[in-house]
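Here the structure is laid out as structure tokens; the discussion comes afterwards.
The values are calculated or read from the model by the stated rules, or taken from the named source; none is laboratory data. Please read these numbers as outputs of a predicted model, since none were measured by experiment. Ideal geometry is used to build each Cβ from the backbone, glycine not excepted, and the neighbour counts take in all protein chains shown. Side chains included, ligands, DNA and RNA excluded: accessible areas come from the protein's heavy atoms. Shrake-Rupley method; radii C 1.70, N 1.55, O 1.52, S 1.80 Å.
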Amino acid sequence: QEQLVESGGGLVQAGGSLRLSCTASARTSGSYVMGWFRQAPGKDREFLATSRYNGDTYYADSVKGRFTISRDNAKKTVYLQMNSLKLEDTAVYYCAASAFWRGVSATEYKYWGRGTQVTVSS
């Protein structure tokens, strides 16, 4: 069972920035496609961004230009830099791993972290 652990969430004012990290367990292959999702109360889990081993990335339109996904394959860590945060970005943020490129549905990701809370205040 692969393990993913997110960190970096917290409380931030609107317009501010946060960087989330997600580190995979030592035995996890660094070649997984990694994705970030979020889920706000009462809403479905929403795709944000995905990255594969060679550096290719793909973003949801809702965060394109504000969020940046990156990864350090040697450290088995993927990052989500979030800038110009808005109140509606408040959610629990999850990282996930998949064997297949460019999945945008949560069902396409096999392994999940437990999530980290991001709260944007006015």
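Observations
- Positions within the range 28-43 being of a type outside the set (A, V, I, L, M, F, W, C), within 15 Å of the chain's Cα centre (by Cα) and closer than 19 Å to V118 by Cα, in sequence order: G35, R38, Q39
- For the range 59-111, the set of residues classified as outside any strand (DSSP E or B), open to solvent by less than 20 Å² (accessible area, probe 1.4 Å) and either among the hydroxyl-bearing types (S, T, Y) or over 15 Å from G35 (Cα atoms) (or both) consists of L85, D89, Y109, listed by residue number.
- Residue within the range 49-57 that is in contact with a Ser or Thr (Cβ under 6 Å, 6 or more places away or on another chain) and of a type in the set (A, V, I, L, M, F, W, C) present: no
- The criterion of at least 2 residues that are surrounded by 15 or more Cβ atoms within 10 Å (Cβ to Cβ) is met by the following strands (runs of 3 or more DSSP E) wholly inside the range 2-52: 4-7, 18-24, 33-39, 46-51.
- Leading residue by the ranking (nearest to the chain's Cα centre (by Cα)) among those in the range 112-122 that are part of a loop (DSSP other than H, G, I, E, B) and farther than 15 Å from E46 by Cβ: G113
- Of all residues in the range 91-102, those satisfying the criterion of being under 13 Å from the mean Cα position of the chain (by Cα) and not aromatic (F, W, Y) are A91, V92, C95, A96, A97, S98.
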